[in-house]
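Presented below is the structure to which this report refers.
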Amino acid sequence: MTARLTQALIVAVIAGGVVVAGAAEKQPFAVADLYRLVGVDEPAIAPDGSAIVYKLTHSDLPAMKRTANLWRIAPDGSGARALTTADASDASPAFSADGRTLAFISTRSGEPQVWFMPTDGGEARKVTSWPGGVGSFQLSPDGTKVAFTADVWTTCGGDAECNRKTDEARDGSKLKAHLADRLLFRHWNEWRDGRRTHIMVQDLESNVVRDLTPGDFDSPVFSVGGGTDYAFSPDGKELVFASNRDRDEASSTNADLWAIAVDAPAEALKTPRRLTDNPAWDGGPAFSPDGRLLAYRMQKLPGYESDRVRIAVLDRATGATRVLTEGFDNTISDLAWSRDGKRIFFKAEVRGRTPLHELDLATGRIRVLTDVGQIDAFAVAPDASWAVVSRRRVSEPSELHVIALQGSPGERRLTTHNAALEAEVDIRPAEEISVRGAAGKPVQVFIVKPHGFDPAKKYPLILNVHGGPQAPWTDSFRGDWQVYPGAGYVVAFPNPHGSFGFGEAYTAAISRDWNGKVMEDISKVTDALAALPYVDASRMGVMGWSWGGYAVMWLEGHSTRYKAMAAMMGVYDLRSMYSATEELWFPEWDLGGPPWDNREHYRAASPSEAVEGFRTPCLVITGQKDYRVPYTQSLMFFTDLQKRGVPSRLIVLDNAGHWPAWYEMALYYTAHLDWFARYLGGGPASWDPRALVEGGAFTTK
């Protein structure tokens, strides 16, 4: 390595050295191995701390079928056993306050409904029977009610029979059409057609169901991650929820917290009490155990969906609010109270990890409890002496780990569901480098080396640009980080300007500058990667999804240094994107207003304006039900590639939205491996993508 490159790169090994011990003796990671792994997540701790219940997910790729069951384990790792074995999906476990009942959502009756079963195991019984199923649920603290979310027709509200008949009428009609009188008529991957998400409350003795949030509003507000955004007060008499009640929902990120008495008369339900009047987003309400305080997450900039998320508390007696984490410069997610109400635990995006933190309310002090890998979910023990996390790292599939919160710090792996596959297959670790990017800012880059890595050889490289654009790559197990190294590629994952986890200013720098600093970052990262002694600079490819797809489409017209490209669900023409997408607050913020107010920027930043420069073979993948980045963006890109005579391939997934289903991802990986093998010379795909599209099974070529 040259002296100049040594100054540009600061290497910090995350796991292992140049060669992981025993890796050469293992089998290279293949796409099929991804579906042999089991998902381990959604931990819930019993009220007395004696047990943990969690979800275990199995995938059958040839059958394109996935099942999930609930397991129970003691905090010391003993007594692991399955609680449910249904040929269905059992998920979202939650204990009743007395610890005697385990509630969960199951599809065993055909639709997702809430089910109850004895904590120690036994026969489960269906509790809800809402038409179309439920999305999430919360148990009331006194155990007499269950709140759940469901999609309802606004003309029906809480009338189950009316909702059922309306569903049947639409499903049974040969005439299929949509009618809209205002924007946000479709969202992500579905048409709304007069339906709204509402919170229903069911009395567990009488089974009477009430719509607690009537009206033409989504309550709780839509959340990409499926968060609950509603909570019972500790006495069970009140429900707090997040809802956006602005008229122009398509251009508004506003969501406020609202409160309603659970036993309020029907007329009173139409006018819930507003608790917050922040013009930006408020959500994730969580009551302190004594009910005096309501913690929630909030943003300050209206219209900016990626504004830094802070923790605030509202005093229920006075209505006063205060922000607790103004000095914490990264976005916060998922909070939970300690039982004594003196601490709040939370996750945050920090430098490619999602550390678990503890916030002391009395002093404001924040300390990191664990900063290893990607924490997908956590639960804190009743005495707050330990927590259980569902965690993954680049080289470690998802498992449960126990984290000590008091006394000597420490953590231990609790489950070993993927241990056999880990012993058999080479799951590659990552290394981390820092590259001097635009304005001298350091750009974090994760690098995964190929199976059987030999430092004396040169390998083809794939640079993967993340989406968002305000999102990060993290030290987290993902298919892209393993299937390509298994086929002989070096893969690199940069966190350029716009990424979460490096401070608010770094994230904000990409807005209104999609083709500026971030593209300089990508160029300088490519320079640094090309100079690595084990990278073949003549065989470099680039891929990206969503905003990453935009980046690839931009590079197609502005760079010839890559030998192959792949763009998934990418934004190609900014003007047409604005008028076809649904969440208009996003382009209005990130592109500086609607196109008629900023014509030149929309034009200059559009990849479609650089068609004359198209040269590089490119794979294009999209989903026909992607309403976030409409699939026509990819059709336009593919058309222009073809008319310019550039080797290109288009794959349109009929039923995919912005995020394809897990089994559709098998085609995604296969198509990439096949494409890159043609132009970069890596290992072949296990399956023929054309055969899969034509209905072929997942069998070896």
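Show me the strands (runs of 3 or more DSSP E) found entirely inside the range 23-126 where at least 1 residues are under 22 Å from the mean Cα position of the chain (by Cα). Working first, answer last.
Details: elements: 39-45, 52-60, 65-73, 90-95, 101-106, 113-118.
Those strands (runs of 3 or more DSSP E) span 39-45, 52-60, 65-73, 90-95, 101-106.
Can you pull out the residues in the range 165-184 that are among the polar types (S, T, N, Q) and either assigned to a helix (DSSP H, G or I) or surrounded by 11 or more Cβ atoms within 10 Å (Cβ to Cβ) (or both)?
Step one: list which residues in the range 165-184 are among the polar types (S, T, N, Q), which gives 166, 173.
Across the range 165-184, the qualifying residue is only Thr166.
Within the range 665-701, track down each residue that is among the acidic types (Asp, Glu) and free of Cβ contacts under 8 Å to residues at least 12 places away in the same chain.
If we filter the range 665-701 for residues that are among the acidic types (Asp, Glu), which is where we start, we get 674, 688, 694.
Passing the criteria: only Glu694.
Give the range 244-276 a look and list any residue that's closer than 23 Å to Ile344 by Cα and more than 27 Å from the chain's Cα centre (by Cα), or say none.
Quick first cut of the range 244-276, residues closer than 23 Å to Ile344 by Cα only: 255-259, 275-276.
Selection gives Ala259, Leu275.
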Practice problem: Please identify the pairs in which a residue from the range 295-312 that is without any contact (Cβ under 8 Å) to a residue 60 or more places away in the chain has its Cβ atom under 6 Å from the Cβ atom of a residue that is part of a loop (DSSP other than H, G, I, E, B) and of a type in the set (Asp, Glu), counting only partners at least 6 apart or on another chain. | Solution: Gln299/Asp307; Leu301/Asp307
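Name the residue, out of Val209, Val152, that is in the same structural domain as Asp248 (by TED's automatic domain parsing), more than 25 Å from Trp281 (Cα to Cα) and at pLDDT 95 or above.
Answer to the check: Val209.
Give the residues of the range 331-345 that are assigned to a loop (DSSP other than H, G, I, E, B) and over 14 Å from Ser288 (Cα atoms), sorted by residue number. Steps first, please.
Just the residues of the range 331-345 that are assigned to a loop (DSSP other than H, G, I, E, B), to begin with: 331, 338-342.
Residue satisfying the conditions is Thr331 alone.
Considering only residues of the range 594-618 that are free of Cβ contacts under 8 Å to residues at least 60 places away in the same chain and assigned to a loop (DSSP other than H, G, I, E, B), which is farthest from Leu555 (Cα to Cα)? Spell out how you get there, then give the answer.
So the first thing to find is which residues in the range 594-618 are free of Cβ contacts under 8 Å to residues at least 60 places away in the same chain, and the list is 594-600, 602-603, 606-615.
Still in the list and also assigned to a loop (DSSP other than H, G, I, E, B): 594, 598, 606, 614-615.
Values: Pro594: 24, Asn598: 23, Ser606: 11, Phe614: 9, Arg615: 10 Å.
Here the answer is Pro594.
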Exercise. Go through the range 226-330 and tell me which strands (runs of 3 or more DSSP E), entirely inside it, have 2 or more residues that are aromatic (Phe, Trp, Tyr).
Key: 230-232
Self-check item: Any hit, the range 597-607, residues being of a type in the set (A, V, I, L, M), more than 24 Å from the chain's Cα centre (by Cα) and surrounded by fewer than 20 Cβ atoms within 10 Å (Cβ to Cβ)
Solution: yes
Quiz item: In the list Arg247, Arg274, which residue meets the criterion of being modelled with pLDDT under 95 and either surrounded by 17 or more Cβ atoms within 10 Å (Cβ to Cβ) or over 25 Å from Pro131 (Cα atoms) (or both)?
Solution: Arg247
Exercise. Filter the range 146-164 down to residues that are surrounded by fewer than 18 Cβ atoms within 10 Å (Cβ to Cβ) and not hydrophobic (A, V, I, L, M, F, W, C), then give me how many there are.
Key: 5
Exercise. Can you work out which of the residues in the range 608-664 that are under 27 Å from the mean Cα position of the chain (by Cα) and among the basic types (Lys, Arg) is surrounded by the most Cβ atoms within 10 Å (Cβ to Cβ)?
Key: Arg628
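The values are calculated or read from the model by the stated rules, or taken from the named source; none is laboratory data. These numbers were taken from a predicted model, which means no experiment stands behind them. As a convention, Cβ positions derive from the backbone with ideal geometry for all residues, glycine included, and neighbour counts pool all protein chains shown.
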